[in-house]
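I have placed the structure first, in the form of structure tokens, so that the comments after it can refer back to it.
What follows is calculated from the coordinates using simple rules that are stated; it is not laboratory data. Not measured: the values here are computed from a predicted model. Here the Cβ is made from the backbone with ideal geometry for all residues, glycine too, and neighbour counts use every protein chain on show.
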Amino acid sequence: MTDLIDGAALLNEVEAFHRRFNVFPHEAAYIAVTLWDAHAHLLDCFDSTPRLAFLSPEPGSGKSRALEVVETLVPQPMTAVNASAAALFRSVSNPNGRPTILFDEIDTIFGPKAGDNEELRGFLNAGHRRTGVTYRCIGDGGNQTVQAFPSYCAVAVAGLGNLPDTIMTRSVVIRMRRRARNETVEAFRARLHEAEGHKLRDRLAQWTEQARDSVMGAWPEMPESVTDRPADVWEPLLAIADAAGGDWPNRAREACVSLVTASKANDKGSLGVRLLTDLRDHVLIGVDKLPTIAILDRLNALDDAPWADLDGKPLDNRRLARMLGEYMAADNTPIRSRNIRTAGGVLKGFHAEDLTDAWARYCPPPPQDSATSATPLQPSSEPLNL
């Protein structure tokens, strides 16, 4: 009979292995990566698998090293650099076993100079769910038939910058940074340390099989602030932590809240959500309406905002109206400009009451100081410099 393995103690060892070679930006990252390693051994127990993304603004931040260490701990690792979508979905459909895909230099696929990669993006999105498949035509000429290739697999990526939003929202994101002079790690030597990682991998495989019954069908309790897509991302990791026991359930939930909060702070959302948020937090401050010309002046003057340079030109009234028209007011009609009477005459503009419903539905919570972060403008009583 196989001896039972202490799951909490084993995860502690896996975490310590990562700490030897990686400097992650915070404690939550070590916990998340350790749980992700373990979850890769039990994919068939979950409805979805989170992508693990090591991202940084500059090279030399330890992303590739992090993937190297992960590679030693997960089942059937497949290192993919510039791999085609066709090669990946055929690998996932391999009857000999599903690989764990490790995609380094992902910015060469999705970066600003990489062009369109909708096929690969579609594969990564579809493979997030257990039911995900990729459809392809098989055969020659008029004898082609449509075949569904399973896409569900664990994927870890590393790269510069960010990923497409559709992948970022399905990911546990670790924002890597260069080591400070006082931060030291052990040099990773494949000939020496791969074997150590493989021993841990084999024990992880053994423990996850022992924990399969408790993980299968588990619905782990989520932190109160984690819902919707982030809950889907973290559900497998929390299930693993609960199965391990010890202090891992508490540590996992603390890490979950920390990383989800950080992702929301870094997430600017779509351009439309960014527009709504900037209107709420920086433009319509202390006023119930503003002429379009005043709104554009304020938006284009914002620091660290995209409005002054959208495809080489500033946001104009046509694009502003088109973007806001995609959202609905509380009466379920598109947000439109209306007449605003000012000291200089009647001008077209937008009313805050028309935006309130969209703000509540799409925007993150407002900053604490938003009510005093700008000087109110009173268009109805003061002349505008037009």
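Remarks
- Positive-end ranking of Y152, M176, T131 along the dipole of the stretch 100-182, with charges on Cβ about the Cα centre, is headed by M176.
- Inter-site label distance for S214 and D228 at 7 Å from Cα along Cβ, in nm: 3.3
- Rg to Rh, two decimals, where the stretch 142-185 supplies the alpha carbon set and Rh follows Kirkwood: 1.26
- Distant alpha-carbon pairs in the stretch 157-205 (separation over 13 angstrom), percent: 73
- The stretch 271-372 - charge dipole about Cα centre, Lys and Arg +1 at Cβ, Asp and Glu -1, debye rounded to 20: 440
- Fraction of the pair-distance distribution of the chain above 37 Å, Cα-Cα pairs, percent: 35
- In terms of surrounding Cβ atoms within a 10 Å radius of their Cβ, F123, F24 rank from fewest to most as F24, F123.
- Global geometry of the stretch 271-372, whether rounded, prolate or oblate, following the gyration tensor of its Cα atoms and the 1.5 cut on a/c: rounded
- For the stretch 263-322 versus the stretch 217-237, the spacing of their alpha-carbon centroids is 33 Å.
- Overall form of the stretch 1-142 per C-alpha gyration tensor (a/c, 1.5; a/b vs b/c): oblate
- The share of alpha-carbon pairs in the stretch 178-326 lying farther apart than 24 Å comes to 61%.
- Its relative contact order, with pairs defined as Cα atoms under 8 Å and 6+ residues apart, puts the stretch 1-151 at 19 percent.
- For the chain, the relative contact order is 19 percent, taking Cα pairs closer than 8 Å that sit 6 or more residues apart in sequence and dividing their mean separation by the residue count.
- Quick note on the stretch 265-327: its Rg to Rh ratio, both from C-alpha atoms and Rh being the Kirkwood radius, is 0.93.
- Dipole magnitude of the chain about its Cα centre (Cβ charges: Lys, Arg +1; Asp, Glu -1), debye to nearest 20: 840
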